[in-house]
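The values are calculated or read from the model by the stated rules, or taken from the named source; none is laboratory data. All of these numbers come straight from a predicted model, not from anything done at the bench. Neighbour counts are summed over all protein chains in view; Cβ atoms, including those assigned to glycine, are modelled from backbone coordinates with ideal geometry.
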């Protein structure tokens with residue numbers, strides 16, 4: 001059942017006007033050259049407007065808006081090239097805290113997230129544990145009222161600009177899934193080091209090192225040894241199209257359409273490439289809308305979220321290749337510094353797209369979730 | 001700058017009830033053994049009669065004078081069930097044929113005089129002979145010949161044996177009766193009906209094929225394990241289910257666009273058909289493969305789906321031509337873009 005919702009128009013206009021006033025060409029150029037898609041001032045401005053936690057209920061400082069407004073926001077952010085990547089990870093952490101935090105933590109942390117003064121990088125992945133995230137070995141050992149953390153995380157994206165890192169730590173050995181605990185740790189705590197990792201897509205990420213990092217027990221989110229169950233809820237939220245959904249994929253279709261409209265004629269194979277790309281984008285958008293619709297109805301989109309994530313990311317990779325096929329040799333040319341130069345888009349997209357099939361749960365993880373939960377096939381891996 | 005959204009991707013209670021009753025009817029009247037018994041012709045006159053009597057072709061009734069009543073989305077529910085069951089009736093062709101009949105002012109009776117069908121596709125020619133869908137059963141089959149609407153009179157004709165066991169036949173051009181031209185917009189409406197319903201048949205076919213594979217993967221053991229526990233088996237199936245659900249959404253959206261005269265109705269039915277064609281091939285391929293060697297035997301039902309998953313769409317549609325129309329339509333309208341921003 002479909003319908004056109006027009007009430008979103010004024011919100012869209014507001015968001016568009018805001019980004020157009022605050023996202024400058026200089027800002028975008030700096031993000032591209034550093035690979036850090038974040039701007040402190042822009043983020044604070046968003047906080048002033050309550051646009052960071054816009055889907056949170058008003059009782060905790062949000063605007064009480066729905067997943068469709070979140071989609072509109074993501075579309076406009078993408079259109080403007082606004083560097084707001086940290087919003088997604090911060091909200092994930094915030095949602096985990098909403099579900100598992102103490103009353104003191106709710107009162108202390110949530111207002112800062114809403115205001116844009118607390119930002120968080122995710123510290124789950126380790127050099128030896130990627131998809132098998134529960135195999136984390138970074139240790140947290142109790143020491144009176146404190147915990148002492150030692151270990152290494154990898155792909156701690158935006159840790160160099162975030163105020164906090166959300167660390168998944170081993171607090172008990174011998175029980176893989178029942179020996180993990182989560183901590184929200186200020187990045188300025190002594191003993192934390194950040195080393196950059198540069199990526200194929202141009203985005204910077206990090207390795208982060210923790211040497212005898214002392215944190216008070218008040219940084220612990222959820223029960224001791226209960227980190228896995230706390231985190232799983234947040235993972236479902238991440239895949240549930242909390243932010244971007246199919247926006248990037250739809251932008252590729254828009255780009256290809258604009259290109260095609262500029263051609264005097266298209267060959268049969270170009271028509272087929274374009275048709276596949278358009279249809280993929282529409283299907284991705286519908287899978288994303290289905291997830292949002294479930295969230296609006298207070299349903300947890302486990303299988304549907306995985307389908308959306310799997311389809312959209314795999315399609316983005318396919319579409320990035322198809323776009324290069326369409327554009328021909330000119331497509332591989334890199335941007336020449338001039339923002340209005342359409343060249344560079346396809347080249348950059350091709351380098352970037354592949355990470356979307358890996359980050360936030362690989363395609364293999366999504367397929368296993370779909371197989372086990374959507375088709376009741378037997379499990380193919382550990383718990 | 002509105003936003004296309006969904007109020008829930010569930011069908012209405014009425015649609016659920018309709019799907020349920022059609023599924024029951026097909027389980028009783030058209031089990032797969034009967035589908036096999038009716039090969040190679042692929043047409044079940046009794047089932048056609050039953051559908052006719054039950055009004056399943058006329059859910060969306062047409063009157064030349066006051067336009068369309070009822071919803072394409074409801075017919076879609078029936079089409080999906082026909083696909084699931086591999087029902088040997090050309091559901092999309094008949095509904096479209098009846099719509100055409102009403103546009104022509106009912107000059108051909110759809111109820112008393114047998115089968116009236118129309119698949120608004122360009123006909124294949126070989127010399128003076130034209131390949132006609134449903135030409136192998138006594139039917140008033142309409143065809144588009146070089147862009148002109150024609151009709152054959154009911155007669156006994158030999159089937160042109162084919163992959164999908166469809167009742168296609170070669171018909172000599174001299175047997176065609178010309179009929180009054182219809183307006184381009186009316187022709188377009190026929191096209192939309194047919195594309196959405198045929199897509200529905202393919203989606204239903206694909207979903208049932210995958211269900212057969214799930215059953216098999218949940219019972220068959222190799223290396224002391226259920227084969228569904230192997231990622232090499234399970235993951236292509238997960239891709240298949242994802243494609244099925246994505247395509248279902250797209251086909252439903254196309255039906256909605258037609259029912260509500262949304263501007264996206266210019267291209268969504270073509271998008272739905274394009275994706276359903278690919279879906280049926282892919283998912284029946286995955287599902288047969290899951291069955292291993294048994295899937296290749298005539299004894300197992302999955303081969304019935306594999307054959308039709310390609311044989312049905314390939315008999316009607318050339319994907320490259322469809323893509324060409326789709327792209328032309330999408331690009332022709334300057335405001336036409338995917339939903340979401342700027343709608």
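Observations
- Residues that are on the phi > 0 side of the Ramachandran plot and modelled with pLDDT of 85 or more were ranked within segment B:107-145; the one that is surrounded by the fewest Cβ atoms within 10 Å (Cβ to Cβ) is B:127.
- Sole exception among (1) touching a helix residue (DSSP H, G or I) at 6+ places or on another chain (Cβ under 7 Å); (2) crowded, with 23+ Cβ neighbours inside 10 Å for residue B:162, by number: (2)
- Verdict on residue A:280 being more than 8 Å from chain B (Cβ to nearest Cβ) and modelled with pLDDT of 95 or more: yes
- Identity of the residue in segment B:92-106, surrounded by fewer than 24 Cβ atoms within 10 Å (Cβ to Cβ) and out of contact with any strand residue (DSSP E or B) (no Cβ under 7 Å at 6 or more places or on another chain), that ends up modelled with the lowest pLDDT: B:106
- With respect to the stated conditions, residue A:105 fails to be within 14 Å of residue A:210 (Cβ to Cβ), at pLDDT 95 or above and in contact with a strand residue (DSSP E or B) (Cβ under 8 Å, 6 or more places away or on another chain).
- Some residue of segment B:172-189 being without any contact (Cβ under 8 Å) to a residue 24 or more places away in the chain, within 30 Å of residue B:12 (Cβ to Cβ) and either surrounded by 14 or more Cβ atoms within 10 Å (Cβ to Cβ) or under 21 Å from the mean Cα position of the chain (by Cα) (or both): yes
- Qualifying residues in segment A:283-298 (those that are more than 7 Å from chain B (Cβ to nearest Cβ) and in contact with a helix residue (DSSP H, G or I) (Cβ under 9 Å, 6 or more places away or on another chain)) - the one surrounded by the fewest Cβ atoms within 10 Å (Cβ to Cβ): A:296
- No other residue among B:288, B:326, B:331, B:241 is modelled with pLDDT under 95 and part of a helix (DSSP H, G or I) apart from B:331.
- Looking at B:333, B:245, just one residue is over 25 Å from residue B:43 (Cβ atoms), within 13 Å of another protein chain (Cβ to nearest Cβ) and surrounded by fewer than 20 Cβ atoms within 10 Å (Cβ to Cβ), and that residue is B:333.
- Condition check for residue B:35: touching a helix residue (DSSP H, G or I) at 6+ places or on another chain (Cβ under 8 Å) and at pLDDT 95 or above: yes
- Sub-7 Å Cβ pairs linking a first residue in segment A:1-25 that is in a loop (DSSP other than H, G, I, E, B) to a second residue that is surrounded by 13 or more Cβ atoms within 10 Å (Cβ to Cβ), at least 6 apart or interchain, are A:1/B:6; A:1/B:8; A:6/B:2; A:23/A:42; A:23/A:80; A:23/A:81; A:23/A:82, ordered by first then second residue.
- Residue match in segment A:6-28 (condition: within 30 Å of residue A:218 (Cβ to Cβ), out of contact with any helix residue (DSSP H, G or I) (no Cβ under 8 Å at 6 or more places or on another chain) and more than 14 Å from chain B (Cβ to nearest Cβ)): no
- In segment B:190-211, the residues that are closer than 24 Å to residue A:380 by Cβ, within 13 Å of chain A (Cβ to nearest Cβ) and either under 15 Å from the mean Cα position of the chain (by Cα) or surrounded by fewer than 21 Cβ atoms within 10 Å (Cβ to Cβ) (or both): B:207, B:211
- Number of residues in segment B:301-323 that are closer than 16 Å to residue A:272 by Cα and in a helix (DSSP H, G or I) equals 5.
- Inside segment A:26-51, residues that are assigned to a helix (DSSP H, G or I) and over 23 Å from residue A:66 (Cα atoms) make up a count of 11.
One line per residue, one yes/no per condition, for (1) more than 10 Å from chain B (Cβ to nearest Cβ); (2) modelled with pLDDT of 95 or more:
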position: A:230; (1), (2): yes, no
position: A:240; (1), (2): yes, no
position: A:244; (1), (2): yes, no
position: A:250; (1), (2): no, no
position: A:272; (1), (2): no, yes
position: A:276; (1), (2): no, yes
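- Considering (1) touching a strand residue (DSSP E or B) at 6+ places or on another chain (Cβ under 9 Å); (2) farther than 21 Å from residue B:315 by Cα, the lone condition that residue B:187 does not fulfil carries the number (2).
- Subset of segment A:359-371 [out of contact with any helix residue (DSSP H, G or I) (no Cβ under 6 Å at 6 or more places or on another chain) and facing chain B (nearest Cβ under 8 Å)]: A:364, A:368
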